[in-house]
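Input: a single structure, listed below in structure tokens.
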Amino acid sequence: MEFKTIIEPFKIKSVEPIFLSTEREREEYLRLAHFNPFLLRSVHVTIDFLTDSGTSAMSSEQWAGMMRGDESYAGAQSWERLEAEVKSLTGYPYVIPTHQGRAAERILYGHLGGNGKTFISNTHFDTTRANIEFSGAEAIDIPCKQAEDHESDYPFKGNMDTAKLDALLKQYGKDRIGAVILTVTNNTGGGQPVSMTNAREVSTLCKKHGVMFVIDCCRIAENAYYIRHREKGFESTSYRDIAVEMFSLADGAVMSAKKDALVNMGGFMALKNQELATACTNLLIITEGFATYGGLSGRDMEAMAIGLREVFEDGYLKYRVKSTAYLGERIRAKGIPVMYPIGGHAVYVDAGLLYPHIPAHEYPGQALVCELYRIGGVRAVEIGSVMFGKYDAQGKLIPAPMELVRLAIPRRVYTQSHIDYVIEVFDEISNSRSAVKGLKIVKEPQFLRHFTAHFEKL
Ligand code: F0G
């Protein structure tokens, strides 16, 4: 029989304390952090939902692998294990290790990019866009139309708009395109999945126009879960085989292993084309490290190789996706506006709708992250006009399209009682919503201001 209660498919062997604090203490910590949770000390945080990146708990197998780590400079056994695992998963013959995702992005997109080049994606993640734009190229997002409607339960809101892709590829021509990038799941678009049908269409168009197709695969196991349960024809295909099939459609992949490889640090790119792989390896050696470690310790590569297997286990993926949905569905039932359906790695709350009385230039998302911390010690990240807002020539804010707050769930870290606690925090968020005030920025850097900006309460 199938039980309703989904248990965490692990036992706890090693524990890390959470230091509890009072609301009055948190008010003081928040003031000292200039109302920016990025500036809080982690010991002052009760539940840390800032990111699911590099925050996973490793398994006992992975820790055992850490001891096996071969720290030889060249040709280490740990590298051989990682290389074999990535080759068997992706089917690509060339694997290049990097210390995290953006290092692979800088090398690959820096090489393919440059002035006059264009990249097209369902949605570029912010480091992907930054690396492309830094090379002098442009990055165009073409999410599918269904992604705009927060309430629609369309099963694959992470899809790319393939009609637009066809038109853009015709308009720009092969020589101008750096690459087409499919981000699975689509992080910036709410952690929504991409269907195999969509990946096939993108692949066909890229082949037709002779352009390179890359998969940003950092959450491809979570994406595979949705394909098996939502797309016809995959009901009895294993999660790993679904990922294998998706990789087979593309020419290469870039991965931040800090997500679905269940490690705290690591990344890679994997490629079909030998010439391109040689050029990228040459760039790797200049800044990251030799071709068989790319900025990683042997033990990190060992843990990655193991994590890339564990992440496709049935019990793990079911727990992962269902426990994220559990949080999202419960707070939605309390009337908290969330992006729907709930994505794989995070719950996205629409702070613009939650606090309609706070205008964009008073940053409703920032107000919500401060409230979450003040009330419950929960740390989340604003993904709205603090992160993506720009100023016009008169210094007036051009707001982001949406004022979101992301609650990203670390993998295998929190139990259901932690999640139930966060759900309870949202009761108070809901009760006190009309009294919450906005903030103003009093200090900000020129780039990526959300990390270090200082705020004051209005
Ligand atoms: N691509 C996607 C889709 C990502 O979500 C990230 C990181 C990267 C690339 C870059 O990888 O951090 O290893 O350099 N996302 C993190 C997040 C930071 O919080 O969503 P990285």
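Going by alpha carbons, how many degrees (0 to 90, nearest 10) lie between the helix axis of 314-333 and the longest principal axis of the chain?
Once rounded, the angle reads 30 degrees.
Counting only protein heavy atoms and a 1.4 Å probe, tell me what percentage of the chain's accessible area is made up of carbon and sulfur.
Result for the chain: 53 percent of the exposed heavy-atom area is carbon or sulfur.
Looking at segment 1-57, which GluC sites (Glu not before Pro) are in a loop (DSSP not H, G, I, E or B) and have at most 16 other Cβ atoms within 10 Å?
Glu2
Relative to the present Cα-Cα distance, how much length would full extension add between Ala325 and Ser14 at 0.36 nm per residue of separation?
109.3 nm
Under a plain spin-label model, where a point goes 7 Å from the Cα along Cα-to-Cβ, how far apart in nm are Glu27 and Phe290?
For Glu27 paired with Phe290, the spin-label model returns 5.8 nm.
If R0 is 41 Å, what FRET efficiency do you get for Glu2 and Asp392 from their C-beta distance, rounded to 0.05?
After rounding, the FRET efficiency stands at 0.15.
Measuring from centroid to centroid over Cα atoms, what is the spacing of segment 67-109 and segment 277-354 in Å?
When both Cα centres are located, 18 Å separates them.
Ignoring everything except DSSP H segments at least 4 long, calculate the 222 nm mean residue ellipticity for the chain; use -39,500 (n - 2.57) per segment, divide by total residues, nearest 500.
The helix contribution divided over the chain gives -12500 deg cm²/dmol.
In whole angstrom, note down how far apart the Cα centers of segment 261-276 and segment 367-415 are.
30
Take every DSSP beta bridge whose two residues both sit in the chain, then give the antiparallel share in percent to the nearest 5.
60
Using only the Cα atoms of segment 60-310, build the gyration tensor, take square roots of its eigenvalues as a ≥ b ≥ c, and label the shape rounded, prolate or oblate: rounded if a/c is under 1.5, else prolate if a/b is larger than b/c, else oblate.
oblate
Given an 8 Å cut-off on Cα distances and at least 6 residues of separation, report the relative contact order of the chain as a percent.
Result for the chain is 23 percent.
Below 8 Å between Cα atoms, with a sequence gap of 6+, how large is the relative contact order for segment 360-435 in percent?
Once normalised by length, the contact order is 32 percent.
Express the accessible area of the chain per residue in Å², computed with a 1.4 Å probe while the remaining protein chains stay in the model.
43
Per residue of segment 369-376, what does 6.51 cos²θ - 1.76 cosθ + 1.60 with θ = phi - 60° give for ³J(HN,Hα)? Whole Hz please, x for Gly and Pro, Karplus curve as stated.
5, 5, 5, 4, 6, 4, 6, x
Hey, what did segment 212-295 get for relative contact order, percent, Cα under 8 Å, at least 6 apart?
26
For the peptides 445-451, 363-369, what is the packing order when you average, over each peptide's residues, the other Cβ atoms within 10 Å and list the highest mean first?
Per-residue Cβ counts within 10 Å, averaged per peptide and sorted highest first, yield 363-369, 445-451.
Could you tell me whether segment 319-458 comes out rounded, prolate or oblate from its Cα gyration tensor? Rule is a ≥ b ≥ c as square roots of the eigenvalues, rounded for a/c under 1.5, then prolate if a/b exceeds b/c, otherwise oblate.
Verdict is prolate for segment 319-458.
Between the alpha-carbon centers of segment 418-458 and segment 13-45, tell me the distance in whole angstrom.
14
The values are calculated or read from the model by the stated rules, or taken from the named source; none is laboratory data. None of these values were measured; they are calculated from a predicted model. Quick reminder, even Gly has a Cβ in these numbers, built from the backbone with ideal geometry, and neighbours come from all protein chains shown. Ligands, DNA and RNA are excluded from the accessible area calculation, which covers all protein heavy atoms including side chains. Shrake-Rupley method; radii C 1.70, N 1.55, O 1.52, S 1.80 Å.
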